[in-house]
Amino acid sequence: MLGGLLPDDIVTSWGDPSESASGLYPEEEALVARAVPKRRLEFAKGRECARRALAELGHPRAILLSGKHREPLWPAGIVGSITHTSGLCAVAVGRAGSYEGIGIDAEPAQPLAPDIAKRVSTEAEVSSFEKASPLERALAARLVFSTKEAFYKCVFPITQQFLGFEDVSIVFDAGTFDACLRVDAAPFAAGTHFLGRWRRAGTHVVTAAWISASRPPA
């Protein structure tokens, strides 16, 4: 599902959140004790996938709590990202010595409602997608949404700053995208560019962004 979307030293895992998952630790169970069943299933499958990926980095029994913004709190020395949508849950983790941030997102390969599409994408972004891909125009706004979600997940652990859909602009190429900040988000200045990858995988579109720990200063 995510093979080739991220650098080879980033470990990935995925599963179907509608299927049963291995049990949660009590501390994790408490986080979703009042959640609706769908959210509980997604949460449990996400933690299962995360532990499967973390085992390859030496953390097979990690307890994964959540921060105040519901972001996963990874073991020391690990950065990563979790995404879930209908029929798919995916995780990507890497070593903090190699990466400052990792972000992934998965979305159903279905058009967004027109009013939502207008809020998350611009005509320029949709046009760049049409030039880069033979996929139908109707999926353009969905892919813009997904790339921005992956980008936000990637930079938030570094900036601790919320960004709106208008705060980053996307330009697509064949299988890749360029995300350009339109506002300052310390330590990144407006105009900073970040690269990522995207693909259609069956009934989903999946996107990924990452920031190397050896990035040059802004």
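The numbers here are math on the coordinates, done by the rules we state, and not lab data. Nothing here was measured: the structure is a model prediction, and the numbers come from that model. Every residue, glycine as well, gets a Cβ built from its backbone with ideal geometry; the counts of neighbours run over all protein chains shown.
Take the eigenvalues of the Cα gyration tensor for segment 11-99, scale each by 5, and report the square roots as semi-axes in whole Å, largest first.
Sorted largest first and rounded, they come to 20, 14, 11 Å.
Please give the FRET efficiency for Glu28 paired with Ser86, using the beta carbon to beta carbon distance and R0 = 30 Å, rounded to the nearest 0.05.
That pair, Glu28 with Ser86, gives E of 0.85.
Between the helical axis of 37-55 and the dominant principal axis of the chain, each derived from Cα atoms, what acute angle in degrees is found, rounded to the nearest 10?
That works out to roughly 80 degrees.
Assuming R0 = 35 Å, can you tell me the calculated FRET efficiency for the pair Ser98 and Glu136, based on Cβ-Cβ distance, to the nearest 0.05?
With a Förster radius of 35 Å, E is 0.45.
Can you give me the C-alpha center-to-center distance between segment 189-213 and segment 51-130, rounded to a whole angstrom?
Here the two parts' Cα centres lie 10 Å apart.
Between Val36 and Met1, what is the FRET efficiency for a Förster distance of 25 Å, r being their Cβ-Cβ separation, to the nearest 0.05?
Using R0 = 25 Å, I get an efficiency of 0.45.
Figure the gain on full extension for Asp8 and Ser20 (residue separation times 0.36 nm, minus the Cα-Cα span) and round it to one decimal in nm.
Answer, rounded to one decimal: 1.4 nm.
Using 7 Å Cα-to-Cβ label points, what is the Lys68/Ala55 separation (nm, one decimal)?
3.5
How many nm separate the modelled label positions at Phe162 and Ser212, each set 7 Å beyond the Cα in the direction of the Cβ?
3.3
Across the chain, how many lysine pairs, 8 or more apart or on two chains, come within less than 30 Å at their alpha-carbon atoms?
15
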